[in-house]
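Asks: Encoded as structure tokens, here's the structure I'll be asking about.
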Amino acid sequence: MDIRYDQSGEDAIYAKWEKSGYFNPDNLERKGKPFTIIMPPPNANGSLHIGHALFVTLQDIMIRYYRMNGRKALWLPGADHAGFETQVVYNKKLEKEGRSFWEIPKDKLYEEIKEFTLANKQYMESQLRKLGASCDWSREKFTLDDDIREVVYSTFKKLYDDGLIYRAERPVNWCAKHQTTLSDLEIKYEEKVDKLYYVKYSLSNGNGFIEVATTRPETIAADIAIAVHPKSKWAEFVGAKALNPLTKKEMPVITDDAVDPDFGTGALKITPYHDSTDFEIWSRHKKEIELEPISVIDRYGKMDPSAGALSGLKVKDAREKAAEILKDSFSREPEDYNHQVSVCYKCGTVIEPRVMKQWFVKMTDKPNKGGSSLRDLAVRAVRSKKVRFVSSRFEKEFMRWMADLRDWNISRQIVWGIKIPVWYCDGQDNDVCRSKEGIIVSESKLQKCPYCGSENIRAENDVFDTWFSSGQWPFATLMSKSGDFKKFYPTDVMETGWDILFFWVARMIMFGIYRTGKVPFKTVYLHGLVRDKDRQKMSKSKGNVVNPLEVAEVYGTDAVRMSLVIGSAAGNDPVISEDKIRGYRNFTTKIWNAARFVLMDYAEPSRKPSFTARDKADLKEMEKTKKDVAKHIEKLDFNHAAEIAYHYFWHSFADKVIEESKERIKSDDLKDPSRRKFAEADAEAAKEKLIIILSECLKMLHPFMPFVTESIWQNMPNKTKKGNMLMIEPW
């Protein structure tokens, strides 16, 4: 063995692992039942960050441990096209190049993004290898693979046939910068201080007015009613007519329990196309409200001609001008109002609710053929413990989110993604054709209308929300290889970040049970967000970002992995710093040096070792330690498992057992002819004890620190090595 451990050899070690074919469970003789993890597919639009290094480490620990325990361990890797996120990244790239995203033809833009994504995907996979991910690359999948796409289409068709997919004009979250809708989970809320305006809406009969508080005077031109809370002081005016202070049109005064009596005055202006609550109120009172809803804000966030004098202005400017125009209609001075405003989670643009024809999934309705809703399927699975959360805190959050679930808008107005498999018939018989609302199919292509035979059909322009396709990831990936679904589904553990519990985990549970009748995974482990030594969130602007690949080049991958595991518990945010990584590089050195000492003068014993009582106690302690490590790994308590292995090797094996053995190995009695025979036997026993404990320590540490342990294993004597790689040695 070299004097020092050289981490530059890690690539060569990984190449040997991969070449052996042992990452593929089909190549291993294993009688135990499968153990399966489907890798959360990283977005194929950039480099891996420290959060990726954490998930790779935790999942690799499980796979390596269960592979050594005789299970058919499958870790299926993949990458996500990450529709909206990737398009945002590519848009920024174009801006730096001085090119306009919106001026490139859509087909050309799609091909450019595809080339960009596939190049990033290849680079990202090389980084996964660098981190030691022992996943089965022969099964690697991409969310845009044809077979994945077809599974996604068939799920869409099944949902539609079951009455759980529909297309309707409903309020959606619209980002004017990115020109697309976003789901409720893709918006964030920021506290803002706006003006609260109190506006008088005079009654048409001249008998007074209703005072309405609003932060959005620019949309008054689109008002079609006044709604009051049943117990407000304005309830006596229900049934009367009020005048729109901008258009002077008559509007009915209605009552609805949805009006918040604690906001403003207890009266609400109803602008259905610019507020989801207003839309719901209007939907319930269509018979009372004769005016048709209109929009006064266009897709670019500017006032349209329907806004009259405000036409062409940006919303913020229009608000100020509307306040000037309405000044005489104010019942009191405007006041500052702190409230939460929804913004795009990527660019911070204020979200404008728009009513658009979109595709929605019913989350709480039962299928038309009977059965449970998507929500009920998931809730029942969690309550019955068919899906178990490692932290009860996340189970409670899951249930809370499920209780407030609304229908999910799954269509996006972007270029990069999976096209929704719907065609529209523009043939001569379209007026009577059954397909006028769209032809829903489970394939990717359609040549003619199956109802009227017309070839004059056009495809849907929208693409799926990325989470619609990735929500099917566990069963879609395993359906792509014959026999895999039956053998490896449901999977054992879904390990991912807590921040995508609702984006992804909840939807995988719903879709998995809906499509297959089985849960997609049995256990959910949610890791935290990696923070710096001051527990600050990592960001480029703060300059505290740790690049896992760069520090691995300096200190070795094993040091990075250990620094991520120790101090990391389910749901808690682990802390990492270069000092911490440097400390575990020292541990790597300790392992290497201890192994060099044990192997330096080792030879096959000439007789059966005669272990002392102390030897037996040391071996027993080692066995107990291994059992403790195994117990904690199986409980998914990786932090304590790693700590136990670390402290045992350094403080028990290296500092005590090895040091105490040195006197026996180099005893002066070896030079005394009268004592030499006994001394040689005792030295051999000491050496044999050390080689046994070292061997077991390498196994115990391998899931956490695969590179240094495999490097040492290749230097172990044949008696222990038996010609195999450590990664497939029996635990």
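The values are calculated or read from the model by the stated rules, or taken from the named source; none is laboratory data. In this text the structure is predicted, and so the values were computed from the model without any measurement. We place every Cβ from the backbone using ideal geometry, glycine too, and count neighbours over all the protein chains shown.
Asks: Exactly one condition in (1) in contact with a helix residue (DSSP H, G or I) (Cβ under 6 Å, 6 or more places away or on another chain); (2) in a helix (DSSP H, G or I); (3) crowded, with 19+ Cβ neighbours inside 10 Å is not met by Gly132; state its number.
Replies: All conditions are met except number (2).
Asks: Tell me the residue from Glu660, Glu621, Glu634, Glu604 that is of a type outside the set (Lys, Arg) and within 22 Å of Leu54 (Cβ to Cβ), please.
Replies: Glu634
Asks: Name the single residue that is surrounded by the most Cβ atoms within 10 Å (Cβ to Cβ) among those in region 535-566 being more than 22 Å from Gly9 (Cβ to Cβ) and modelled with pLDDT of 85 or more.
Replies: Ranking the candidates gives Val565 first.
Asks: Name the residues in region 203-234 that are in contact with a Gly (Cβ under 9 Å, 6 or more places away or on another chain) and free of Cβ contacts under 8 Å to residues at least 40 places away in the same chain, would you?
Replies: Result: His229, Lys231, Ser232, Lys233, Trp234.
Asks: Taking the condition of being touching a strand residue (DSSP E or B) at 6+ places or on another chain (Cβ under 8 Å) and of a type in the set (S, T, N, Q), how many residues in region 25-76 meet it?
Replies: Selection size over region 25-76: 3.
Asks: What strands (runs of 3 or more DSSP E), lying completely within region 173-220, carry at least 2 residues that are of a type in the set (Ser, Thr, Tyr)?
Replies: Because the criterion is at least 2 residues that are of a type in the set (Ser, Thr, Tyr), the strands (runs of 3 or more DSSP E) in region 173-220 that meet it are 180-182, 187-202.
Asks: Taking region 690-725 as the region of interest, how many residues are at pLDDT below 95 and not in a helix (DSSP H, G or I)?
Replies: 8
Matching residues to (1) of a type in the set (Gly, Ala, Ser); (2) crowded, with 24+ Cβ neighbours inside 10 Å; (3) outside any loop (DSSP other than H, G, I, E, B):
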{"residue": "Tyr14", "(1), (2), (3)": "no, no, yes"}
{"residue": "Glu29", "(1), (2), (3)": "no, no, no"}
{"residue": "Thr36", "(1), (2), (3)": "no, yes, yes"}
{"residue": "Pro41", "(1), (2), (3)": "no, no, no"}
{"residue": "Ala53", "(1), (2), (3)": "yes, yes, yes"}
{"residue": "Ala79", "(1), (2), (3)": "yes, yes, yes"}
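Asks: Moving on. Failed condition for Asn45, given (1) in a loop (DSSP other than H, G, I, E, B); (2) without any contact (Cβ under 8 Å) to a residue 60 or more places away in the chain, with all others met?
Replies: Exception for Asn45: condition (2).
Asks: Let me ask something else about it. If you go through region 355-377 one residue at a time, do you hit one that is within 19 Å of Val152 (Cα to Cα), more than 27 Å from the chain's Cα centre (by Cα), in contact (Cβ under 8 Å) with a residue 24 or more places away in the chain and not in a helix (DSSP H, G or I)?
Replies: Looking for residues that are within 19 Å of Val152 (Cα to Cα), more than 27 Å from the chain's Cα centre (by Cα), in contact (Cβ under 8 Å) with a residue 24 or more places away in the chain and not in a helix (DSSP H, G or I), one finds at least one in region 355-377, hence yes.
Asks: With the condition kept exactly as written, say whether any residue in region 85-105 is hydrophobic (A, V, I, L, M, F, W, C), touching a residue at least 40 places away in the same chain (Cβ under 8 Å), touching a helix residue (DSSP H, G or I) at 6+ places or on another chain (Cβ under 9 Å) and within 20 Å of His702 (Cβ to Cβ).
Replies: No, every residue in region 85-105 fails to be hydrophobic (A, V, I, L, M, F, W, C), touching a residue at least 40 places away in the same chain (Cβ under 8 Å), touching a helix residue (DSSP H, G or I) at 6+ places or on another chain (Cβ under 9 Å) and within 20 Å of His702 (Cβ to Cβ).
Asks: Within region 162-184, is there a residue that is more than 28 Å from Ser342 (Cβ to Cβ) and not polar (S, T, N, Q)?
Replies: Yes, region 162-184 contains a residue that is more than 28 Å from Ser342 (Cβ to Cβ) and not polar (S, T, N, Q).
Asks: Further question on the same structure: Just one of (1) in contact (Cβ under 8 Å) with a residue 40 or more places away in the chain; (2) among the charged types (D, E, K, R); (3) in contact with a strand residue (DSSP E or B) (Cβ under 9 Å, 6 or more places away or on another chain); (4) surrounded by fewer than 17 Cβ atoms within 10 Å (Cβ to Cβ) trips up Lys448, so point out which.
Replies: The one condition Lys448 does not meet is (1).
Asks: Being more than 17 Å from Asn205 (Cβ to Cβ) and of a type in the set (A, V, I, L, M, F, W, C) is the filter here, so list the residues in region 236-258 that pass it.
Replies: Correct list: Leu246, Ala258.
Asks: For Ser295, indicate whether it is among the hydroxyl-bearing types (Ser, Thr, Tyr) and touching a helix residue (DSSP H, G or I) at 6+ places or on another chain (Cβ under 8 Å).
Replies: Taking the combined requirement at face value, the residue satisfies it.
Asks: Counting just the residues of region 297-320 that are assigned to a helix (DSSP H, G or I) and in contact (Cβ under 8 Å) with a residue 24 or more places away in the chain, which one comes out nearest to the chain's Cα centre (by Cα)?
Replies: Val315
Asks: Exactly one condition in (1) part of a helix (DSSP H, G or I); (2) within 22 Å of His527 (Cα to Cα); (3) not polar (S, T, N, Q) is false for Lys386; which is it?
Replies: Of the numbered conditions (1) part of a helix (DSSP H, G or I); (2) within 22 Å of His527 (Cα to Cα); (3) not polar (S, T, N, Q), the odd one out for Lys386 is (1).
Asks: I'm told Ala227 meets every condition in (1) in contact with a helix residue (DSSP H, G or I) (Cβ under 6 Å, 6 or more places away or on another chain); (2) surrounded by fewer than 16 Cβ atoms within 10 Å (Cβ to Cβ); (3) part of a strand (DSSP E or B) except one. Can you identify the failing condition by its number?
Replies: (2)
Asks: Separate question: Return the pair list, or none, for Cβ contacts closer than 7 Å from residues in region 396-422 that are among the polar types (S, T, N, Q) to residues that are assigned to a loop (DSSP other than H, G, I, E, B), at least 6 apart or on different chains.
Replies: Correct list of pairs: Asn409/Ser183; Ser411/Ile420; Ser411/Asp462; Gln413/Gln179; Gln413/Asp462.
Asks: Being under 51 Å from the mean Cα position of the chain (by Cα) and crowded, with 16+ Cβ neighbours inside 10 Å is the filter here, so list the residues in region 594-618 that pass it.
Replies: Ala594, Ala595, Arg596, Phe597, Val598, Leu599, Tyr602, Asp615, Asp618
Asks: Okay, next question. Quick one: which residue in Lys248, Lys200 is of a type in the set (Lys, Arg) and on the phi > 0 side of the Ramachandran plot?
Replies: Lys248
Asks: Restricting region 402-429 to residues that are of a type in the set (Gly, Ala, Ser) and within 28 Å of the chain's Cα centre (by Cα), which is surrounded by the fewest Cβ atoms within 10 Å (Cβ to Cβ)?
Replies: Looking at the filtered set, the residue picked out is Ala403.
Asks: Can you list the helices (runs of 4 or more DSSP H) found entirely within region 444-557 that contain at least 3 residues being under 29 Å from Val415 (Cα atoms) and in contact with an Asp or Glu (Cβ under 9 Å, 6 or more places away or on another chain)?
Replies: Where helices (runs of 4 or more DSSP H) fall fully within region 444-557 and carry at least 3 residues being under 29 Å from Val415 (Cα atoms) and in contact with an Asp or Glu (Cβ under 9 Å, 6 or more places away or on another chain), they are 466-470, 473-478.
Asks: Now, a different point. Looking at (1) under 22 Å from Pro171 (Cα atoms); (2) basic (Lys, Arg); (3) surrounded by fewer than 20 Cβ atoms within 10 Å (Cβ to Cβ), which one does Lys269 not meet, given that it meets all the others?
Replies: All conditions pass for Lys269, except number (3).
Asks: Turning to a different aspect of this structure: Can you pull out the residues in region 591-648 that are part of a helix (DSSP H, G or I), of a type in the set (Gly, Ala, Ser), farther than 30 Å from Asp573 by Cβ and touching a residue at least 24 places away in the same chain (Cβ under 8 Å)?
Replies: Ala594, Ala595
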